[in-house]
Amino acid sequence: MEIKEIAAKSVLTPSKLPGVDFVVNPYISCGFACTYCYATFMARYVGKTANDWGKFVFVKENAPEVLKEELAKLKNKGAGKSILFSSVTDPYQGAESKYKITQKCLEVLADFGFSGQVGILTKSNLVLRDADTFKKLKDVEVGLTIITTDDKISRYFEKYAPAASLRLEALKKLNEEGIKTYVFVGPLLPHFVAEEEKLEKLFKEISETGNKGLFVEHINLSKYILERLERETKDLDKSTTAKFYESKQKPYRDRLDEIVVKLVKKYNLKLRSGSTIYHRGS
């Protein structure tokens, strides 16, 4: 793994994501190296290729100082605005244990008295470290990406991310601390249509943590993502690979949507986006 410290010119980046005004990405690339990652296109901006994604991490070591300067330009302490950590990296990947860039940025927000909403999206139980800082923020919500309850499957598709079981434990602890949470079930793995009981097990365990909010997303199979999947999953049998291609078809998605709606109702969860998210053209 190549780790390099860099200086960022800007940290608070305007966002086109629904309901998100700004994103903060403390790192470039992500050491979790998930096989389905959509953010590999970012590699070209730092002289790397999509194949390099997950093999390098650039640390924005001055991000807290830059963020402090940018926050000073916001009106009314950022009232009515929202910031997401993060959109094209994981704010709590392995490098965060050493560099603490995310932690320092959150402390900057707390010290500034940011009055908007702060969102977190991660695959790491390291997020628990910052529970006390979350409580200092006016409006914060922590999201955990969880695509399965099977640690073997999570290890296969999310190579170096903490096990799914650890994320479920973290979700429960955050709720016990009174911190708002949500779960991002994305991507929906193709086998869930044939093995509905596994998706039900996931929704049931999410509900048992005390979490209610849920985003659910169909797998994005844009050409560059599919190429990465094919490259990273060469050892899968052909029947499993075929399911990925099948997931591009509308009848497959419609059936999976039916299952999701049924399970959301059964376990008293709230589908935050109103429906399962689908990327057109994927």
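List of remarks:
- First in the stretch 59-83 and on the phi < 0 side of the Ramachandran plot, second anywhere and in a loop (DSSP other than H, G, I, E, B) and of a type in the set (S, T, N, Q), Cβ under 9 Å, 6 or more apart: K60/N25; A63/N25; V66/S10; E70/S10; A79/S115; K81/S115; S82/S15; I83/S15
- Any pair with Cβ under 9 angstrom, 6 or more apart, that starts in the stretch 206-225 at a residue that is at positive phi and ends at one that is hydrophobic (A, V, I, L, M, F, W, C) and surrounded by 18 or more Cβ atoms within 10 Å (Cβ to Cβ): G210/L171; G210/L174
- Test: residue in the stretch 99-121 that is among the β-branched types (V, I, T), at pLDDT 95 or above and under 12 Å from the mean Cα position of the chain (by Cα): yes
- Residue check for G19: in a loop (DSSP other than H, G, I, E, B), surrounded by fewer than 19 Cβ atoms within 10 Å (Cβ to Cβ) and among the small types (G, A, S): yes
- Odd one out for P64, checked against (1) surrounded by fewer than 18 Cβ atoms within 10 Å (Cβ to Cβ); (2) in a helix (DSSP H, G or I): (1)
- Any hit, the stretch 36-51, residues being surrounded by 15 or more Cβ atoms within 10 Å (Cβ to Cβ), at pLDDT 95 or above and either among the basic types (K, R) or farther than 19 Å from L137 by Cβ (or both): no
- S82 vs. criteria small (G, A, S), at pLDDT 95 or above, under 19 Å from K136 (Cα atoms) and buried (at least 16 other Cβ atoms within 10 Å of the Cβ): yes
- Odd one out for K152 among (1) at pLDDT 95 or above; (2) surrounded by fewer than 22 Cβ atoms within 10 Å (Cβ to Cβ); (3) farther than 25 Å from Y278 by Cβ: (1)
- Of the set (1) of a type in the set (G, A, S); (2) in contact (Cβ under 8 Å) with a residue 12 or more places away in the chain; (3) closer than 28 Å to L171 by Cα, all apply to S247 but (3).
- Flag if Y160 is in contact (Cβ under 8 Å) with a residue 40 or more places away in the chain and part of a loop (DSSP other than H, G, I, E, B): yes
- Within the stretch 232-258, the set of residues being among the hydrophobic types (A, V, I, L, M, F, W, C) and either at pLDDT 95 or above or not in a helix (DSSP H, G or I) (or both) comprises just one member, L236.
- S115 satisfies every condition listed in (1) over 30 Å from H191 (Cβ atoms); (2) touching a residue at least 60 places away in the same chain (Cβ under 8 Å); (3) among the hydroxyl-bearing types (S, T, Y) except (2).
- Of residues in the stretch 78-93 being of a type outside the set (A, V, I, L, M, F, W, C) and more than 14 Å from T145 (Cα to Cα), the one nearest to the chain's Cα centre (by Cα): S82
- When V88, V57 are screened for being under 30 Å from R231 (Cα atoms), part of a loop (DSSP other than H, G, I, E, B) and not small (G, A, S), only V88 passes.
- Verdict on K4 being loosely packed, with under 13 Cβ neighbours inside 10 Å, in contact with a helix residue (DSSP H, G or I) (Cβ under 8 Å, 6 or more places away or on another chain), at pLDDT 95 or above and not β-branched (V, I, T): no
The values are calculated or read from the model by the stated rules, or taken from the named source; none is laboratory data. These numbers come from a predicted model, not from an experiment. Glycine also receives a Cβ, built like all others from the backbone with ideal geometry; neighbour counts cover every protein chain displayed.
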